[in-house]
Each structure stands twice: as structure tokens, then as C-alpha cells.
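Contents: one structure, followed by commentary.
The values are calculated or read from the model by the stated rules, or taken from the named source; none is laboratory data. Here the structure is a predicted model, which means the values were calculated and not measured. Neighbour counts run over all protein chains shown; Cβ positions are idealised from the backbone, glycine included.
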């Protein structure tokens, strides 16, 4: 059964994913992740769900470019996270210039590789 995917909305959750230490860098994106603790209770969110968030910094370009980059990452994540994401995990996808400029297939490949590798790293740390 595929996990439920919801959005990360609070800044504190984005920050905690960045401080967790699990990070994978690819040419089109950076993926940061963290496993949520068993006793961690987030209001209105099922414990076993996968939460995802997207960000693009101002160094990437103007608002049009940043929004387009996030749209492309959301579309790729909608395909990949239900299959490759770990339950009870938060993922933050940070767009890089190749996410906007490069082919969509490269973004898919990079995201899939990052999700697989982060799952391995998190399983090893248990």
C-alpha cells in the first residue's frame, strides 16, 4: 500500500528537515529528509504519511522562474514519492538551476535516485 502524501506547511518543519543530516545533492535539486519520531504528533496528519515541501531560493531567478521550478518538482514528486518515499518521513526539495533549464526526464531521474539513496541512508542509521 502506498503511503499518503501531504504537504509541509510550517517553517519549523522545513528547518528540522534541513538539520536532520540526511541530504542528497543532484544537478537539478537538493533533497533533505528526516524520519519523524514515533511519539511525534502533528495535528491533522496521519502518523504514517509522507510529508513533502518545495522551495526555490531567490538566487535561482525571479518569481516566474522560482514558481515554474516548484511546479516541475511538484509534478515529479507526485509521480515518485508515493512509490519511493518512506512512510513517517519528511522530504524537502530545493530547486537548482537544472530543475528549470534541464529536461524534465533528468529531473525525474535525479529525484528518483535521491529518494532511493536517502531511503538507504535512513535505513542504515536506524
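Odds and ends about this structure:
- Selection count, the range 86-114, where residues are within 28 Å of residue 12 (Cβ to Cβ) and touching a strand residue (DSSP E or B) at 6+ places or on another chain (Cβ under 9 Å): 16
- Residue check for residue 31: crowded, with 19+ Cβ neighbours inside 10 Å, in contact with a strand residue (DSSP E or B) (Cβ under 7 Å, 6 or more places away or on another chain) and assigned to a helix (DSSP H, G or I): no
- Restricting the search to helices (runs of 4 or more DSSP H) fully inside the range 63-126 and requiring at least 2 residues that are surrounded by fewer than 19 Cβ atoms within 10 Å (Cβ to Cβ) and at pLDDT 95 or above gives 63-84, 104-125.
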